[in-house]
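Down below is the structure, laid out as structure tokens.
Laboratory data are not the source of any read-out in this text; all were calculated from the coordinates shown. Quick caveat: nothing in here was measured; it's all calculated off a predicted structure. Every residue, glycine among them, receives a Cβ derived from its backbone with ideal geometry; neighbour counts consider all protein chains shown.
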Amino acid sequence: MAKKAAKAGTTVTVEQIGSPIRQPKSQRATLVGLGLNKMHRRSTLEDTPSVRGMINSIPHLVRVVDEK
């Protein structure tokens, strides 16, 4: 299934909804890479395949709030 390509200049806002306690260190590192460190904090990032991959690797800890 083909994925929709990200347009230049698009952003995605993610919110941390889960705690990294009792999760592998790699998942905590992914949260830090997304600019998140505390519950219910939001981070606006450039919509790139690498950011989408990070979001998809921890769907139980983050949710996409807004896509522009």
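Of note:
- Residue-by-residue Karplus 3J(HN,Hα) for the range 31-37, coefficients 6.51, -1.76, 1.60, Hz, glycine and proline x: 4, 5, x, 7, x, 10, 8
- Dipole of the range 11-67, positive end: most advanced residue of Ser57, Ile21, Thr11 [Cβ charges, Cα centre]: Ile21
- Calculated [θ] (222 nm, deg cm²/dmol) that DSSP helices of n ≥ 4 give over the chain, each run adding -39,500 (n - 2.57): -7500 deg cm²/dmol
- Here Rg and Dmax of the Cα atoms in Å was calculated from the structure, and among [x] 12.4, 38; [y] 20.0, 60; [z] 11.9, 37 it sits at label [z].
- One chain, two ends: Lys38 and Asn56. Fully extended at 0.36 nm per residue, the span grows by 4.6 nm beyond their Cα-Cα distance.
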